[in-house]
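First comes the structure, then the notes that go with it.
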Amino acid sequence: MNPFGYSRAADANQAVTTISGKPNGKFLGGGTNLIDLMKMGVETPNELVDINRLPLAQIEELPDKRVRIGALARNSDVAEHELIKTRYPFLTEALLSGASPQLRNMATVGGNLLQRTRCYYFYDPAFPACNKRKPGSGCGALDGYNRIHAILGQSDHCIAIHPSDMCVALAALEAIVRVRGPNGEREIAFGDFHRLPGDTPERDTNLAPGELIIAVDLPAMPFAARSHYLKVRDRASYAFALVSVAAALDLGPGKRINDVRIALGGVAHKPWRAHTAEKQLTGQEASEKTFRDAAEVELAPAKGYKYNSFKIELAKRSIVQALSTITAS
């Protein structure tokens, strides 16, 4: 048992101040990931600051038609909110495809953004080689059992994937993450929030020390109402994605693609925005061939390993299936 302090924050400023004085401290929301990691000895914070009493659970429409989701909004509440279901259906689908109802009732939006990878070698301290857990120790997955691991954006230091479903939809939406830290508030574009591993895989995000996520803003994007989240996994429930796709299509006359958003999950260290495929699709006629050609271009840089090379073809087919589902709706 690793000893740690525990306190409850009365407001966001107090939470930030407390953590700023504890370099190894952690904010505690739903705790559905953090507590597991503490039990396994992967996370060893010296201070937990409980933020559950902070007024950060709102889901509201802003004057400019954006939607703001508080960091402490529970995943189940977000999924079932009328604004989310009608304007961003693929976000609802993504949330409902994750975990179990009990976990969704506890898990928070802010915590979902900060999920650690589900890599076998990261989760078990008995394995000595994990650069994410112990920088400089190596990556056990490179030559180990790497079936669930990354095929895009990886490095020789880490091939772990980001496990969130919700974050894939937020990447496609180009959401904004609002944070508060010792130097005040700032906004982080969703594409800049998570990091690829490079040579510092221990850093999952671009949060500065002591920063607290306070909300996520969703853009006013009318064509997001025509969207779909496809999750391919080993079993129908309570399993992480082998590959997932969050997609939205703006179709004009003759099924001409005016705009498109695509993000992939289960393939990289962060939610993977498919910019190359989007660029190729824009202005084209929506068809299975068009979708397949765009998927081929997007996955051209993909690199598989001994046990996960199947993911490359699976990702291509998943892009085609997600876009075809939207086109037929």
Worksheet item: Scanning the range 22-35 for residues that are modelled with pLDDT of 95 or more and under 16 Å from Asn2 (Cα atoms), which turns out farthest from the chain's Cα centre (by Cα)?
Response: Gly25
Response to the item:
Going through (1) closer than 20 Å to Ile148 by Cα; (2) within 21 Å of the chain's Cα centre (by Cα); (3) outside any loop (DSSP other than H, G, I, E, B) one by one, Arg261 fails only at (1)
Worksheet item: Just wondering, is there one or more residues in the range 168-184 that are over 24 Å from Ser97 (Cβ atoms), open to solvent by 30 Å² or more (accessible area, probe 1.4 Å) and in a loop (DSSP other than H, G, I, E, B)?
Response: yes
Practice prompt. Say whether the condition of being crowded, with 21+ Cβ neighbours inside 10 Å and out of contact with any strand residue (DSSP E or B) (no Cβ under 6 Å at 6 or more places or on another chain) is met by at least one residue in the range 36-59.
Written response: yes
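So that you can scan it fast, the table gives a plain yes or no per residue for (1) in contact with a helix residue (DSSP H, G or I) (Cβ under 7 Å, 6 or more places away or on another chain); (2) at pLDDT 95 or above; (3) of a type in the set (D, E, K, R):
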| residue | (1), (2), (3) |
| --- | --- |
| Ala268 | no, yes, no |
| Leu281 | yes, yes, no |
| Glu285 | yes, yes, yes |
| Lys303 | no, yes, yes |
| Ser318 | no, yes, no |
| Thr325 | no, yes, no |
Practice prompt. Please identify the pairs in which a residue from the range 65-91 that is touching a residue at least 24 places away in the same chain (Cβ under 8 Å) and open to solvent by less than 10 Å² (accessible area, probe 1.4 Å) has its Cβ atom under 6 Å from the Cβ atom of a residue that is in a strand (DSSP E or B) and among the small types (Gly, Ala, Ser), counting only partners at least 6 apart or on another chain.
Written response: Gly70/Ala215; Ala71/Ala215; Phe90/Ser227; Phe90/Ala246
Item to complete: Return yes or no: is Leu152 closer than 24 Å to Leu207 by Cα and surrounded by fewer than 24 Cβ atoms within 10 Å (Cβ to Cβ)?
Response: yes
Worksheet item: Asp234 passes all but one of (1) touching a strand residue (DSSP E or B) at 6+ places or on another chain (Cβ under 7 Å); (2) free of Cβ contacts under 8 Å to residues at least 40 places away in the same chain; which number fails?
Response: (1)
Response to the item:
Scanning the range 237-290 residue by residue, the ones that are touching a Pro at 6+ places or on another chain (Cβ under 7 Å) and either among the aromatic types (Phe, Trp, Tyr) or surrounded by fewer than 18 Cβ atoms within 10 Å (Cβ to Cβ) (or both) total 1
Worksheet entry | One residue from Glu187, Glu278, Glu288 being within 30 Å of Asn24 (Cα to Cα), without any contact (Cβ under 8 Å) to a residue 40 or more places away in the chain and of a type in the set (Asp, Glu) | Glu187
Worksheet item: Which members of the range 249-277 meet the condition of being more than 20 Å from Asp165 (Cα to Cα) and of a type outside the set (A, V, I, L, M)?
Response: Asp250, Gly252, Pro253, Gly254, Lys255, Arg256, Asn258, Asp259, Thr276
Item to complete: Looking only at the range 200-221, count how many residues are over 17 Å from Ala171 (Cβ atoms) and free of Cβ contacts under 8 Å to residues at least 40 places away in the same chain.
Response: 2
Fill in: Odd one out for Thr117, checked against (1) in a loop (DSSP other than H, G, I, E, B); (2) out of contact with any Cys (no Cβ under 9 Å at 6 or more places or on another chain); (3) open to solvent by less than 20 Å² (accessible area, probe 1.4 Å)
(2)
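The values are calculated or read from the model by the stated rules, or taken from the named source; none is laboratory data. Computed from a predicted model, the values in this text were never measured in an experiment. Glycine also receives a Cβ, built like all others from the backbone with ideal geometry; neighbour counts cover every protein chain displayed. When the accessible area is computed, the model is the full protein with side chains, heavy atoms only, and any ligands, DNA or RNA have been set aside. Shrake-Rupley method; radii C 1.70, N 1.55, O 1.52, S 1.80 Å.
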